[in-house]
Amino acid sequence: MKKLTLLGSTGSIGVNVLALVSRFPEQFRIVALAAGSNVALLKTQIETYQPAVVAVIDEKAAINLKSLLAPMPRTEILYGPEGYETLAAHADSDLVVSAIVGAAGLKPTVAAIAAGKDIALANKETLVMGGALVMKLARDRGVRIMPVDSEHSAIFQCLAGNDSDHVRKIILTASGGPFLRLKQSGLKKVTAVEAMKHPNWSMGKKITIDSASLMNKGLEVIEARWLFDIEIDRIEVLIHPQSIVHSLVEFNDGAIMAQLGVPDMKIPIAYALSYPKRLREAGAALNAADLARLDFSQPDLKRFPNLALAYHAGRAGGTMPAVLNAVNEVAVQEFLAGRIGFMDIPAIIESALASHNSFAPTTIHEIIAADNWGRVKAAELVEKYKKGGNII
Ligand code: NAD
Ligand code: MG
């Protein structure tokens, strides 16, 4: 029986994790749940899984949640940043599933690692922002980080039993999103509603927009760099519209290993939670006889500059990836709100990166400071774009 803490329980990944826990009650038990502000869903999750402790975004949400629960609930309610960190380090859990979206996931994940908890990592932003420090902390604490992201799960599976010295390169696949074949002029006019229509995957809002702009793949390149301790320039991206081959590893003898499956997070989540074991029928198996074709092509960095910007930030290192991530989060929100255009996202990120003096952070605090700098810069740039002014 593994005891789980789940950060981000009301999200797309969180709900999938809980469905898996319900299917395998003899394998997993929930001890702690953290969510943002969706207290209605959290209430039903508390009733079903009876965690010892939960955390929500702020005091208002905590009061709200308390009023929804039956009198004298057996669940302790925490809130705010300290609440998330206390919950993430909860003594009773064996594994922390990190599935909060965005930079907000960094500190609770770090708190869990500092407390010696193994991590099932969905929150890729943790490694994008703080890869060097986070991986060092994990090594120092003897913590294992199992990837949930489907591409990284694929690589993790391909690497099993192989010496990492024999890896020549890693190839991440990307569906290309809903705008794969749209021209530059068309990309300028796309709406948030169009960008939310991912062809293969059903996910949270932010990652869906990141998938349409290829920023998601850029963040995944940086995530892979840290997870697998491999230089950025040995990580390649290929567009694969069918999303069947989840990623590939090329070894130095010329052999290539790939992991295939239907586009569904069930199997990657199950593997992260049960590693090194596999859960019987965790997800639907792919019928290889149905595979009519598998296409692969190079990404177009002109139409999708976010991928090139992420490589740039990844190569620069230091605080640059944290700034890339922060500016992207702000720009995505502004795009979702209809205040800036789709192609303004990379333009704003490029401007912000150009004016950032990157340095090697030695503390999480310095990473958060770089994130804050990025958000202030992004807000300034958004104002100029909204007014249609020129960026220098
Ligand atoms: P989501 O938006 O569906 O859910 C996010 C969760 O985080 C929710 O529970 C929400 O309440 C919580 N949250 C949001 N803001 C918060 C804050 N400021 N503080 C605390 N909690 C907050 O997102 P998702 O699609 O489930 O993605 C979660 C993470 O997993 C992301 O980092 C994403 O990149 C990664 N991921 C998701 C998928 C997928 O299929 N959805 C696949 C691979 C990786
Ligand atoms: Mg992914």
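Numbers at a glance
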| quantity | calculated |
| --- | --- |
| Condition met for L78 (over 11 Å from A32 (Cα atoms) and either within 14 Å of ligand 1 (Cβ to nearest atom) or part of a helix (DSSP H, G or I) (or both)) | no |
| T48 in a helix (DSSP H, G or I), of a type in the set (S, T, N, Q), away from ligand 1 (no atom under 11 Å from the Cβ) and at pLDDT 95 or above | yes |
| Criterion: within 16 Å of ligand 1 (Cβ to nearest atom), in contact with a Ser or Thr (Cβ under 8 Å, 6 or more places away or on another chain), assigned to a loop (DSSP other than H, G, I, E, B) and in contact (Cβ under 8 Å) with a residue 12 or more places away in the chain - qualifying residue of P268, P263, P241 | P263 |
| Options V97, V148: the member that is modelled with pLDDT of 95 or more, over 25 Å from I232 (Cα atoms), within 16 Å of ligand 2 (Cβ to nearest atom) and crowded, with 21+ Cβ neighbours inside 10 Å | V97 |
| Given (1) within 16 Å of ligand 1 (Cβ to nearest atom); (2) modelled with pLDDT under 95; (3) of a type outside the set (D, E, K, R), index of the condition N162 fails | (1) |
| Of all residues making up segment 118-130, the number that are more than 16 Å from ligand 2 (Cβ to nearest atom) and surrounded by 24 or more Cβ atoms within 10 Å (Cβ to Cβ) | 3 |
| Positions within segment 135-153 being touching a residue at least 24 places away in the same chain (Cβ under 8 Å) and not in a loop (DSSP other than H, G, I, E, B), in sequence order | M135, L137, A138, R141, I145, M146, P147, S150, E151, H152, S153 |
| Segment 13-30, subset under 21 Å from the mean Cα position of the chain (by Cα) and surrounded by 19 or more Cβ atoms within 10 Å (Cβ to Cβ), residue farthest from A284 (Cα to Cα) | G14 |
| Per-region count, segment 203-225, residues touching a Pro at 6+ places or on another chain (Cβ under 8 Å), within 12 Å of ligand 2 (Cβ to nearest atom) and of a type in the set (S, T, Y) | 0 |
| Residue that is farthest from ligand 1 (Cβ to nearest atom), among those in segment 17-32 that are part of a strand (DSSP E or B) and out of contact with any helix residue (DSSP H, G or I) (no Cβ under 6 Å at 6 or more places or on another chain) | R29 |
| Scope segment 352-382; condition of a type in the set (A, V, I, L, M) and within 12 Å of N325 (Cα to Cα); matching residues | A352, L353, I367, I368, A370, A378 |
| Qualifying residues in segment 244-260 (those that are part of a strand (DSSP E or B) and aliphatic (A, V, I, L, M)) - the one surrounded by the most Cβ atoms within 10 Å (Cβ to Cβ) | V249 |
| Only one of L68, L33 that is among the aliphatic types (A, V, I, L, M) and surrounded by 19 or more Cβ atoms within 10 Å (Cβ to Cβ) | L33 |
| Test: residue in segment 181-202 that is crowded, with 21+ Cβ neighbours inside 10 Å and within 16 Å of ligand 2 (Cβ to nearest atom) | no |
| Subset of segment 10-44 [polar (S, T, N, Q) and either in contact (Cβ under 8 Å) with a residue 60 or more places away in the chain or touching a Pro at 6+ places or on another chain (Cβ under 8 Å) (or both)] | S12, N16, Q27 |
| Helices (runs of 4 or more DSSP H) wholly inside segment 172-225 containing at least 3 residues that are out of contact with any Asp or Glu (no Cβ under 6 Å at 6 or more places or on another chain), within 16 Å of ligand 1 (Cβ to nearest atom) and β-branched (V, I, T) | 205-213 |
| Residues of segment 33-45 that turn out to be of a type in the set (A, V, I, L, M, F, W, C) and part of a loop (DSSP other than H, G, I, E, B), as a count | 1 |
| Subset of segment 352-369 [under 21 Å from G105 (Cα atoms) and either of a type in the set (S, T, N, Q) or touching a residue at least 60 places away in the same chain (Cβ under 8 Å) (or both)] | A360, P361, T362, T363, I364, I367, I368 |
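Rundown of residues vs (1) part of a helix (DSSP H, G or I); (2) of a type outside the set (A, V, I, L, M); (3) over 22 Å from the mean Cα position of the chain (by Cα), yes/no style:
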residue	(1), (2), (3)
R280	no, yes, yes
L286	no, no, yes
P321	yes, yes, no
N328	yes, yes, no
A347	yes, no, yes
L353	yes, no, no
V382	yes, no, yes
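The values are calculated or read from the model by the stated rules, or taken from the named source; none is laboratory data. Fair warning: this is a prediction, and the values are worked out from it, not measured in the lab. Heads up, the Cβs are rebuilt from the backbone with ideal geometry, glycines too, and the neighbour counts pull from every protein chain shown.
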